[in-house]
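Structure record follows, encoded as structure tokens.
The values are calculated or read from the model by the stated rules, or taken from the named source; none is laboratory data. This is a predicted model, so every value here is computed, not measured. Quick reminder, even Gly has a Cβ in these numbers, built from the backbone with ideal geometry, and neighbours come from all protein chains shown. For accessibility, only protein heavy atoms count, side chains too; no ligands or nucleic acids. Shrake-Rupley method; radii C 1.70, N 1.55, O 1.52, S 1.80 Å.
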Amino acid sequence: MLRSLVGSEMCIRDRVSTQSTGKARDRNGDLMQVEPTRVTQALISAACDDQSDQVRQGARQALFKLGCQHTQVVLESCTIYVREAYLDSASLDGVRVELIKVLDRIAQNRGADLDSDAAHNLAEFATALMGCPSAAESASNLMLTLGSNAALKHVLNQLLLHRKMSPQLTSVDLVVLRCLGDLALSNPTAFHEQDGFQVALQQLLPLLKAAPPHRRFEVLVEVLSSYCEASQSIGETKFEPDFLEGAQLLVQGWLQSRDDVVRRVGASALAQCIPALSIAGFEQVLPGAFPHVVRALSNRVLLLTSAECVSAMLERIAGGSAEGFMESNTNSLLLSLFPPLCAPVPATESQLTSSGARLRSELLRCFELLAKVRPVFVVKYLMSKLEDPRTQSHEFTGALGVVRHLLSHVEAELGKYKDHLVQQVLVLVNKSHQLGVSREIMQLGLAFSAKGWLDKSACSVFVPKMLEHAAQTDKSIETSLAKVKPADKVDHQATLEQFRTMCDHILDLLLKGGDSTMEEILWTCLLYTSDAADEEDSVDLGGRRIIKKKKKKM
């Protein structure tokens, strides 16, 4: 069967050749019109129905190759097959999916060479199948493929100009809306040139206004977010009034919902709308949105999207919009941002490393932007955490991590308070082991040193503690290495080597601190190793063991 299918495909390719007249000559020289053939129908039937996976795969490949040369032939055959071959809707769903996938590959292969008639017919075929639940995703993918080529005009005509959506929103409407949002993101320039934003927003906003905040209509909010992001990517500001109306609808309805999922979707969309607003529009939305978003920071479900929204707001404020707004709102924001940054990750989320890292990055970004706007408030808040004896270990860890992040990203704003910060960290050095923050203190000390913030006296305090911490860490790594399975020792050994490499850089970094000289640094090191060797039989120094000789008893 497979050989006959491939042979039939070759026969079609021999009998049907592309000519400017749209006609072809058979082997006898008679003219014939290019049209669906029995062989094409046989290929489609085998591609969808044959029980052998090998035959189905071979038939799809043959159909794909044929369609790359004669797209219209294959498309018309597919349309006829879907219309006439099956009466059983359950079987028809699978057929539709397979045919759409073949047509999608053909459209990708043809690219910009796809002629206008074929593009129009493909878009019409895909739109007609969007109402089939199992075929909707494949039909949308075909539309995206067409939209990325020169056929975007035909796609938009099918999705927008020939469709009237009611506030009830059918399942087909939701698929179409999501497809439009994806088209805007994938090809924003062409989408704008074809008046896609204008027509799409004229259709979307009335629907968003009429639809209540509900999970069923979250597609509306997601599409609004896509339009905002797409217009921003091409620097288009023409539709700012539309985005302002959308942002106000989000604040008035979606952010005030009792459903966490609805609020999360609303906050995520608002984060995309904010950069698309004018200064006046942002200042109009900010007072109503800010309390809802800040309050949502205490909800674990809403935390990430709320942090993204706060970050978007602070980005605009740091850029010069609504400059006076944070004078009375900084403290409340700090009180809301700091606890989730310090909170341990629940066991169920410990494996979601990408999500956890993204959340931490967004929260630190909020502190960074807030430090640009109100540095005094941020430093005072962090210092209060470091000075308060009631501060818990995880809060020390969070505060030290924020200081280190700010040192890397907003050194100019933080530099005005460097003496105060260094002195407070020096106070914590001797209590670092008791507080359980030895690692964080040492990391911050190295960061201070790299920035040249440590003078001679500070170096003399930091160096022994750093070396002691290095020795203890090295010993604990070696102990754990002895307990692990042989199969896991490679990873542990790599960790040990990385740690020892870090120890080799400690002195080099400390030499950059203040006015310290090599003699002063080395003298401190020698004092540490000498004292340690007097107390123990041996001492680890970053992986280099100093062994004390024992006196022989007489």
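Taking into account only those residues within segment 294-312 that are touching an Asp or Glu at 6+ places or on another chain (Cβ under 7 Å) and assigned to a helix (DSSP H, G or I), which is surrounded by the most Cβ atoms within 10 Å (Cβ to Cβ)?
By that ranking, first place goes to 307.
Please pick out the residue among 208, 185, 201 that is open to solvent by 10 Å² or more (accessible area, probe 1.4 Å) and of a type in the set (A, V, I, L, M, F, W, C).
185
Identify the single condition in (1) surrounded by 15 or more Cβ atoms within 10 Å (Cβ to Cβ); (2) of a type outside the set (A, V, I, L, M, F, W, C); (3) over 33 Å from the mean Cα position of the chain (by Cα); (4) closer than 25 Å to residue 328 by Cβ that residue 418 does not satisfy, given that it satisfies every other one.
(4)
Return the total of residues in segment 325-344 being open to solvent by 40 Å² or more (accessible area, probe 1.4 Å) and either among the hydroxyl-bearing types (Ser, Thr, Tyr) or part of a helix (DSSP H, G or I) (or both).
Result for segment 325-344: 7.
Given 130, 143, which one is at pLDDT 85 or above, within 17 Å of residue 182 (Cβ to Cβ) and surrounded by 24 or more Cβ atoms within 10 Å (Cβ to Cβ)?
Values: 130 fails: at pLDDT 85 or above.
Of the residues listed, the single one that is at pLDDT 85 or above, within 17 Å of residue 182 (Cβ to Cβ) and surrounded by 24 or more Cβ atoms within 10 Å (Cβ to Cβ) is 143.
Report, by residue number, each residue of segment 241-257 that is over 15 Å from residue 226 (Cα atoms) and assigned to a helix (DSSP H, G or I). Before you say what the answer is, go through the steps one by one.
Applying the first criterion (over 15 Å from residue 226 (Cα atoms)) to segment 241-257 yields 241, 245, 248-249, 251-257.
Passing the criteria: 241, 245, 248, 249, 251, 252, 254, 255, 256.
Here's the yes/no breakdown for (1) without any contact (Cβ under 8 Å) to a residue 40 or more places away in the chain; (2) outside any loop (DSSP other than H, G, I, E, B):
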| site | (1), (2) |
| --- | --- |
| 134 | no, no |
| 145 | no, yes |
| 155 | yes, yes |
| 164 | yes, no |
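Find the helices (runs of 4 or more DSSP H) located wholly in segment 181-234 whose residues include 1 or more that are modelled with pLDDT under 90 and of a type in the set (S, T, N, Q), and list them.
Answer list for segment 181-234: 196-210.
In segment 166-180, how many residues are part of a helix (DSSP H, G or I) and polar (S, T, N, Q)?
Applying the first criterion (part of a helix (DSSP H, G or I)) to segment 166-180 yields 171-180.
Those still in the list that are polar (S, T, N, Q) too: 171.
Of the residues in segment 166-180, 1 are part of a helix (DSSP H, G or I) and polar (S, T, N, Q).
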